[in-house]
Every structure is written in structure tokens, then in C-alpha cells.
Amino acid sequence: MYQADVTDFDLHTQYQVVISNGGVWYGVWWEDGKYGYCGHLPEPAQVQKSLNCVIKHIAPGGQLILSMQDAHRNKTMDLPQDVTYEQRIHDKGYGVFDKEYIFTNNSDNRQLCYQRLTLAYIANEVFEGALHAFDFTGPVISPNRHYMVFTRPA
């Protein structure tokens, strides 16, 4: 396992599969059934730079796989052991938003965990354009709609 800045790293090797499972980028399903992209990099230039960096690490014939999820929205869910999960979305404009994750113990209303982070929707043209510039094909959506796959030519 490695930890690095996704916009500037070199592992000096290539892999057959690179997976972003809710990581720096991932796919989202819109309410109309179409898909888009989201990630932790709010600037399109950062997205482009990160993809260029990761592409160098995908071997010929290799794949980039992204997990997919529903578009972000406010929601609350009851969890086991009398815990509630809540996520709150705060729109900052231009496709950028803050997302709060809150876990609360219901018996004493005590907050167990809290995180707030900034995310951004990524224009399909930006994400797919970066991959297609290197002749990747895709995306191909998995039958269960949980993953999208881009393939580098052999």
C-alpha cells in the first residue's frame, strides 16, 4: 500500500487494474438514470493532472475501475446498536459541495463521529476526455451498476 498525492506520484511500475472505490474519483447515478462523476478534487485542472498521473501506472490492456453510487443527498439511516447515520449536503455552487457525515448514539444523543469534506461533481467531458486522450475505451457499466470500467488499449 502506498500513500501519495494523486496529482504527483510515480510508483515506477504499471498495474493491470487500478480501482477507485469511492476514492479520489467515482461514478454517480443521477435521478434520471444517467451517470456522472464526482471526486475529492474540486478543480478540473486537478482532475486532469490526477488522471494523467494514474494513467501512467495502468499497463497496456489494463483497466481503471470506478465504483458507482447514487448522487449525494441529505439522508438519515438507523443503524444497529441504537446508532443513527446522517449525511448533510451543503451546496457551495459550481458543482462543489461540502458533505457532513454524522454518527449519533440515540440513547444519549451523543455524537460518536463527525467528518466534513469538500467534494465536486466532475463534468463527463473532463473525466472521459482525459482517458480518451490516451485511447482508453469506456466506460462499460457492470451489470449490477456498481462499477464502471475503462480499458487501456493493449
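The values are calculated or read from the model by the stated rules, or taken from the named source; none is laboratory data. If you're wondering where the values come from, they're calculated on a predicted model, not measured in any experiment. Neighbour counts are summed over all protein chains in view; Cβ atoms, including those assigned to glycine, are modelled from backbone coordinates with ideal geometry.
Conditions (1) of a type in the set (A, V, I, L, M, F, W, C); (2) exposed (fewer than 10 other Cβ atoms within 10 Å of the Cβ); (3) touching a Gly at 6+ places or on another chain (Cβ under 8 Å); (4) at pLDDT 95 or above, marked per residue:
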residue: ASN124; (1), (2), (3), (4): no, no, yes, yes
residue: PHE136; (1), (2), (3), (4): yes, no, no, yes
residue: VAL149; (1), (2), (3), (4): yes, no, yes, yes
residue: ARG152; (1), (2), (3), (4): no, no, yes, yes
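So is GLY22 in a strand (DSSP E or B), of a type in the set (Gly, Ala, Ser) and touching a residue at least 24 places away in the same chain (Cβ under 8 Å) or not?
It is false that GLY22 is in a strand (DSSP E or B), of a type in the set (Gly, Ala, Ser) and touching a residue at least 24 places away in the same chain (Cβ under 8 Å).
Hey, could you check region 47-58 for residues that are buried (at least 17 other Cβ atoms within 10 Å of the Cβ) and polar (S, T, N, Q) and say which is nearest to the chain's Cα centre (by Cα)?
Ranking the candidates gives SER50 first.
Residues being touching a residue at least 24 places away in the same chain (Cβ under 8 Å) and not in a strand (DSSP E or B): count how many of those fall in region 99-127.
6
May I ask you to say which residue of VAL47, VAL54, VAL6 is touching a residue at least 12 places away in the same chain (Cβ under 8 Å), out of contact with any His (no Cβ under 9 Å at 6 or more places or on another chain) and within 23 Å of LYS92 (Cβ to Cβ)?
One residue alone meets the criteria, VAL47.
When you check GLY36 against the structure, is it under 17 Å from GLY129 (Cβ atoms) and either assigned to a strand (DSSP E or B) or out of contact with any Ser or Thr (no Cβ under 6 Å at 6 or more places or on another chain) (or both), yes or no? Can you show your working first?
Numbers: under 17 Å from GLY129 (Cβ atoms): yes; either assigned to a strand (DSSP E or B) or out of contact with any Ser or Thr (no Cβ under 6 Å at 6 or more places or on another chain) (or both): yes.
So GLY36 passes the test.
Test GLY36 against the stated conditions and say whether it is among the small types (Gly, Ala, Ser) and in contact with a strand residue (DSSP E or B) (Cβ under 9 Å, 6 or more places away or on another chain).
Taking the combined requirement at face value, the residue satisfies it.
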